[in-house]
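J.: What follows is a single structure, and I will ask about it in a moment.
The values are calculated or read from the model by the stated rules, or taken from the named source; none is laboratory data. Quantities reported herein were computed from a predicted structural model and do not represent experimental measurements. All Cβ positions, even for glycine, are placed from backbone atoms using ideal geometry, and neighbour counts span all protein chains on display. Just the protein is used for accessible areas: all its heavy atoms, side chains included, with ligands, DNA and RNA removed. Shrake-Rupley method; radii C 1.70, N 1.55, O 1.52, S 1.80 Å.
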Amino acid sequence: MSPITHFLTGWVFANCAKLGRKDRAIVTLASVTPDLDGLGIIPELLTRNSAHPLLWFSLYHHSLHTLAFALVISVVAFALGTQRWKTGLLALVSFHLHLLEDLMGSRGPDGYQWPIPYLKPISSALHLTWQGQWQLNAWPNVLITIVLLGIMLWLAWRRGFSPLEMISSKLDRGFVGALRHRFRGGLKARS
Ligand SMILES: [Zn+2]
């Protein structure tokens, strides 16, 4: 799935637990980190018409979609977190939600399934795929993203903070303020 979907998944998941702002950001970002191996797309696209194209995306995408990297991220989350054990464990789950989403809906336009080499580099034997996997741009991904976006907006309206808190408190306050102003009517009608 797209990094945006993974990000929103991580955010909604982080909000299921009682976490402070920093820990919330760590758990959210843990859900995006497996795709760091997808950054090879940039040199690959830039060099694709050159004499020596770099195939970093084709070669390495999904090489960090592993248990080993999940553990690395959890240790980093543990080290950076305020509520260390909680944040480390939630980051581990958040990372695996990403893998689950990729299994469900990340089939390439050419039909390639991008198997997940879960046990690499210890073993190359296990490659996770799911027969029912849909395409990256298929409607379930769009639907899941819209639903997650809706939950994110509802959480921001209700709790008073949004993912923008990761960039700037001022920006976040402005966004939540605008959201609450826009949907003030709904609040009144309910009470
Ligand atoms: Zn991925």
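J.: For the range 21-36, in order, what is each residue's ³J(HN,Hα) by Karplus, 6.51 cos²θ - 1.76 cosθ + 1.60 with θ = phi - 60°, in whole Hz (x at glycine and Pro)?
T.: 4, 5, 5, 4, 5, 4, 5, 5, 5, 4, 7, 9, 3, x, 7, 4
J.: Quick one: which residues, 5+ away or cross-chain, put their amide H under 5 Å from the amide H of Leu128? H built at 1.01 Å from N.
T.: For Leu128, the qualifying residues are Ile116, Tyr118.
J.: Using the C-alpha gyration tensor of the range 71-123, what are the square roots of 5 times its eigenvalues, in whole angstrom, with the largest one first?
T.: Equivalent ellipsoid semi-axes, largest first: 28, 13, 7 Å.
J.: Where the accessible area of the range 5-47 is counted over protein heavy atoms with a 1.4 Å probe, how much of it, in %, is carbon and sulfur?
T.: Values: 1300 of 1710 Å².
The computed percentage sits at 76.
J.: Still on this model: Using only the alpha-carbon atoms of the range 73-191, report the extent along each of the three principal axes, biggest first, to the nearest angstrom.
T.: 57, 38, 25
J.: Take the solvent-accessible surface of the protein heavy atoms, probe 1.4 Å, and return the percent of it on the range 56-177 that carbon and sulfur atoms account for.
T.: Of all accessible area on the range 56-177, carbon and sulfur atoms account for 72 percent.
J.: A further question on this structure: Ranked highest first by the average count of other Cβ atoms within 10 Å around their residues, in what order do 73-82, 31-40, 86-95 fall?
T.: Working: 73-82: 17.7, 31-40: 19.5, 86-95: 23.3.
Ranked from most to least packed, the peptides come out as 86-95, 31-40, 73-82.
J.: Okay, moving on. With springs only between Cα atoms under 10 Å, which of Arg48, Arg173, Arg107 fluctuates most in a Gaussian network model of the chain?
T.: Maximum among the listed residues: Arg48.
J.: Would you please give the FRET efficiency between Ala79 and Ile151, computed as 1/(1 + (r/R0)^6) with r the Cβ-Cβ distance and R0 = 35 Å, to the nearest 0.05?
T.: Working: r = 29 Å, r/R0 = 0.84.
FRET efficiency, Ala79 to Ile151: 0.75.
J.: Please list, or write none, the aspartates and glutamates whose alpha carbon is within less than 13 Å of the alpha carbon of Lys86, excluding same-chain residues fewer than 8 places away.
T.: Partners within reach: Asp23.
J.: Can you tell me which of Leu103, Leu136, Leu171 moves the most in a GNM of the chain? Springs connect C-alpha atoms under 10 Å apart.
T.: Checking each option, the largest mean-square fluctuation is seen for Leu171.
J.: Using a probe radius of 1.4 Å on heavy atoms only, what accessible surface per residue do you get for the chain? Whole Å² is fine.
T.: Working: 11190 Å² over 191 residues.
Roughly 59 Å² per residue, with all protein chains present.
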